[in-house]
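Structure, as structure tokens:
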């Protein structure tokens, strides 16, 4: 009886260990589905709630799609203009980005096979944990806005880098304001 119990316990531990395993590349970035309530991670590869680890090279994310020439041109233009900047400690989308997000939503609805990753970033102020959470809130805010415009949930994944990938290095407001952002990557 004890032997069977020990075997079952060992099997359970083995299955639980396998459940927690994941492969990472050098980037070790966390991507999640914005509607499944996943949690955040960082470049260190922190995983929770079934999140997926992916690499940094998003250029291949939409390779092999059959887009029209017009869609391809629109995609190239949108790739150049996918950054939303936020105020200090804020995750609400400033009004000046409404038309930009509408353009992204219109394109995504016209090409449902195209997928995006929304990256949330913060400035260096705050603890790493707080900044990961704030970056996630910023990415979720953009995702929620696009979903409300009609983009399907399976087209959107989010990642929070917190303060780990600054756009501008420096320790003043001019640098910090450039780092408080969400970036739409195709």
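How many residues, within the stretch 115-139, are out of contact with any helix residue (DSSP H, G or I) (no Cβ under 8 Å at 6 or more places or on another chain) and over 29 Å from residue 72 (Cβ atoms)? Before the answer, list the steps.
Just the residues of the stretch 115-139 that are out of contact with any helix residue (DSSP H, G or I) (no Cβ under 8 Å at 6 or more places or on another chain), to begin with: 127-139.
Checking the rest, the ones that are also over 29 Å from residue 72 (Cβ atoms) come to 127-137.
Qualifying residue count for the region: 11.
Kindly provide the set of residues from the stretch 138-162 that are crowded, with 22+ Cβ neighbours inside 10 Å and more than 19 Å from residue 100 (Cβ to Cβ), ordered by number.
157, 159, 160, 161, 162
Among what's in the stretch 107-116 and is buried (at least 19 other Cβ atoms within 10 Å of the Cβ) and touching a strand residue (DSSP E or B) at 6+ places or on another chain (Cβ under 8 Å), pick the residue that is farthest from residue 160 (Cα to Cα).
If we take residues in the stretch 107-116 being buried (at least 19 other Cβ atoms within 10 Å of the Cβ) and touching a strand residue (DSSP E or B) at 6+ places or on another chain (Cβ under 8 Å), then 108 is farthest from residue 160 (Cα to Cα).
So that you can scan it fast, the table gives a plain yes or no per residue for (1) modelled with pLDDT under 95; (2) surrounded by 11 or more Cβ atoms within 10 Å (Cβ to Cβ); (3) under 15 Å from residue 157 (Cβ atoms); (4) in contact with a helix residue (DSSP H, G or I) (Cβ under 7 Å, 6 or more places away or on another chain):
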{"position": "38", "(1), (2), (3), (4)": "yes, yes, yes, no"}
{"position": "43", "(1), (2), (3), (4)": "yes, yes, no, no"}
{"position": "48", "(1), (2), (3), (4)": "yes, yes, no, no"}
{"position": "52", "(1), (2), (3), (4)": "yes, yes, yes, no"}
{"position": "55", "(1), (2), (3), (4)": "yes, yes, yes, no"}
{"position": "61", "(1), (2), (3), (4)": "yes, yes, yes, no"}
{"position": "72", "(1), (2), (3), (4)": "yes, yes, no, no"}
{"position": "84", "(1), (2), (3), (4)": "no, yes, no, yes"}
{"position": "97", "(1), (2), (3), (4)": "no, yes, no, no"}
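The values are calculated or read from the model by the stated rules, or taken from the named source; none is laboratory data. All values derive from a computational prediction rather than experimental measurement. Positions of Cβ are generated from backbone atoms using ideal geometry, with glycine treated the same way; all protein chains shown enter the neighbour counts.
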